[in-house]
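Scroll down for the structure; my scribbles are underneath it.
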Amino acid sequence: MVTFFTTAKPFKGHNGVIQRNALKSWTMAHGQAEVILFGDDEGAAGVAGELGIRHEPHTEKNETGSNRADYMFAQAQALARADVLCYSNCDIIFTEDLCSAVERVLRTHKEFLMVGRRWDTEITKPWDFENREWRKEVRELALKTGRQRTPDWIDYFVFTRGFFTDLPPLVVGRVFWDNWMVWKGLDTRKPVVDASGAVVAVHQNHDYGHHPQGKAGVWGGPEAGSNYRLTGGWRHLRTIADASEVLGAEGLKPNRTRHWSAVKRYVRQAGRVVLYNVWNPVWFFFLGITRPLRNMLGLRSEALRRSRD
């Protein structure tokens, strides 16, 4: 049994469609699925009643009104009927392969964190869950027409109760909080499993109209900056590629490429250090000392241009 939990945007327009699709799929992931929807967003109570899921309208928020992960993870672990929980963004459709993956991991580990790459898929209408083949059809749509994102995109976390405690007040729906969660799992020295090869997590494509500044606000706004500071910076950020184990057709295996992922991360960071701490100062110093000469050449060029006219 798995307890799913999430928070949502207002249930309006396309967002309303894909969020209903996601929540409905979770209720059908297995026979005893539990779903908890946090937040008082428009339409949340009605959808919770319609789908027969638990609604917790209260959430702790930051100063701008975004929901905090620390509150939801603590409350979900206190309320859940199951000992395995799954936080997911409210636009992911899951089928039975998620719970199958959980069962396979539990055969080896009593405590774990499981994450996986998503499949971006174009879905614009309510999915037909009355169709007995709905699971097969949504998987085929994702695999045939979708795009599997890179390990940087982390949309769900499956974990055992008690795995996450004392989280900083990071906000969901912004960058960096998900990367910190993977780092936190690895820092506990407990298994962190990459289930990308076993779970087809169908992400329903959407725009960023829920944020006043759109995608730029989600990725680079003040809340993203606050999340970055709360995580402690790049040293505490990881991706799915850093998982300690990989779940595949033959079961769990050590992730032998994780150290290469670390090398690439450090190279990227070294590049940023060189750019911001070395190259930029040198470049601006060069601009400063050559400014008189450039100004003089600029005046002469302007004079030459006038003489030709």
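Return a yes/no flag: does segment 36-58 have any residue that is at pLDDT 95 or above, within 22 Å of residue 226 (Cβ to Cβ) and surrounded by fewer than 19 Cβ atoms within 10 Å (Cβ to Cβ).
yes
Answer with yes or no whether residue 18 is in a helix (DSSP H, G or I) and hydrophobic (A, V, I, L, M, F, W, C).
Judged against the criteria, residue 18 is a match.
Among 112, 129, which is the only one that is among the hydrophobic types (A, V, I, L, M, F, W, C) and more than 27 Å from residue 191 (Cβ to Cβ)?
On the way: 112 fails: more than 27 Å from residue 191 (Cβ to Cβ).
Exactly one of 112, 129 is among the hydrophobic types (A, V, I, L, M, F, W, C) and more than 27 Å from residue 191 (Cβ to Cβ), namely 129.
I'm trying to understand the selection: among the residues of segment 110-137, which are assigned to a loop (DSSP other than H, G, I, E, B) and of a type in the set (Val, Ile, Thr)?
Across segment 110-137, the qualifying residues are 123, 124.
Restricting to segment 78-109, name every residue that is closer than 27 Å to residue 204 by Cα, in a helix (DSSP H, G or I) and not basic (Lys, Arg).
Scanning segment 78-109 gives 96, 97, 98, 99, 100, 101, 102, 103, 105.
Where in segment 173-281 are there helices (runs of 4 or more DSSP H), lying fully within it, with 1 or more residues that are modelled with pLDDT of 90 or more and over 30 Å from residue 126 (Cβ atoms)? Steps first, answer last, please.
On the way: elements: 177-187, 214-220, 222-231, 258-273.
By residue number, 177-187, 222-231.
The values are calculated or read from the model by the stated rules, or taken from the named source; none is laboratory data. None of the values given here were measured: they were computed from a predicted structure. Positions of Cβ are generated from backbone atoms using ideal geometry, with glycine treated the same way; all protein chains shown enter the neighbour counts.
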